[in-house]
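Here is the structure we will look at.
The values are calculated or read from the model by the stated rules, or taken from the named source; none is laboratory data. Bear in mind that the values here come from a model prediction, so they are computed numbers and not experimental data. Neighbour counts are summed over all protein chains in view; Cβ atoms, including those assigned to glycine, are modelled from backbone coordinates with ideal geometry. Surface accessibility is based on the protein's heavy atoms, side chains included, excluding ligands, DNA and RNA. Shrake-Rupley method; radii C 1.70, N 1.55, O 1.52, S 1.80 Å.
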Amino acid sequence: MVVLALAVWIAYRWVQSSTAVPRGLDDYYVYVSSGSSFEEVEAQLIGKGLVTKPALFRQLAREMEYVQDPMRSGRYEVKPGWSMVKLIRHLRNGEQAPVRLVLTNARLPEDVAEAIAEVVEPTAEDLMALWQDEAYLKELGYTPETFMSLFIPNTYELFW
């Protein structure tokens, strides 16, 4: 019995400490779109080379209750050398990496919407529809006439 418990503990420590994310890749960001399935996220991780043991990733993801429908959307930065457990916890907990947006001379809402749509998931049309909703603007404390004063030239951090 003690030998079996020791073997299980050693196997668990091996899985937990084994490196899942290799070093030397070009891109360490994972983009999970709204409505994505686990299979789509898994395919992206494998395709980018961020997961080196797909079968182990699948099993651990199920055991750690990461598999859900739909998956939590966002832009996630993955660090080289992370273990499989650390990778799954990071994705499951929704620890997103912010995107930096620099606005210098955007004077119209359309310009701002296009700049934002280049770095986050919503499209420029989605943003414009939201910004033209007077009830939403009133909730923010703005009117259609004063809304553009919200965007001054600056660097903004946005979450996908």
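Give me the extension gain from Y142 to T104: residue separation times 0.36 nm, minus the current Cα-Cα distance, reported in nm with one decimal. Mind dumping the intermediate values first?
Numbers: separation 38, 0.36 × 38 = 13.68 nm, distance 2.17 nm.
Gain in length upon complete extension: 11.5 nm.
Relative contact order of region 54-160: 32 percent, from C-alpha pairs under 8 Å at least 6 residues apart in sequence. Of the residues V102, V51, V21, the one that moves most in a GNM of the chain with alpha-carbon contacts below 10 Å is V102.
Distance between the 7 Å Cα→Cβ label points at Y28 and E134: 5.0 nm. The heavy atoms of K53 offer some 70 square angstrom of accessible surface to a 1.4 angstrom probe. Each residue of region 140-151 was assigned a 3J(HN,Hα) from its phi angle through the Karplus expression (A = 6.51, B = -1.76, C = 1.60, θ = phi - 60°), giving 7, x, 10, 10, x, 6, 9, 4, 5, 5, 5, 9 Hz with x at Gly and Pro.
Over the chain, DSSP H runs of length four or greater, each weighted -39,500 (n - 2.57), average out per residue to a 222 nm ellipticity of -12500 deg cm²/dmol. In plain terms, the chain from E63 to I152 could stretch by 27.4 nm, reckoned as 0.36 nm per residue minus the Cα-Cα distance. Here the alpha carbons of the chain define both size measures, Rg and Dmax, at 21.0, 74 Å.
If you place +1 on the Cβ of every Lys and Arg and -1 on the Cβ of every Asp and Glu, how big does the dipole about the Cα centre of the chain come out, in debye to the nearest 20?
Its charge dipole is roughly 1280 debye.
Between T123 and V2, the simple spin-label model (points 7 angstrom out along Cα→Cβ) gives 6.7 nm. Element breakdown for the chain at a 1.4 angstrom probe: carbon and sulfur atoms account for 55% of the accessible area.
Using +1 at the Cβ of each Lys and Arg and -1 at the Cβ of each Asp and Glu in the chain, identify which of L140, S36, L87 lies farthest towards the dipole's positive end. Final value for the positive-end residue is L87.
On the basis of the beta-carbon distance and an R0 of 22 Å, S83 and Q44 show a calculated FRET efficiency of 0.70.
Taking amide hydrogens as placed 1.01 Å from N in the peptide plane, the amide H of S83 sits under 5 Å from those of A20, each at least 5 positions away in sequence or on another chain.
Ordering W131, V120, F151 by the projection of their Cα atoms onto the charge dipole of region 83-160, which places +1 on the Cβ of Lys and Arg and -1 on the Cβ of Asp and Glu, puts V120 at the extreme positive end.
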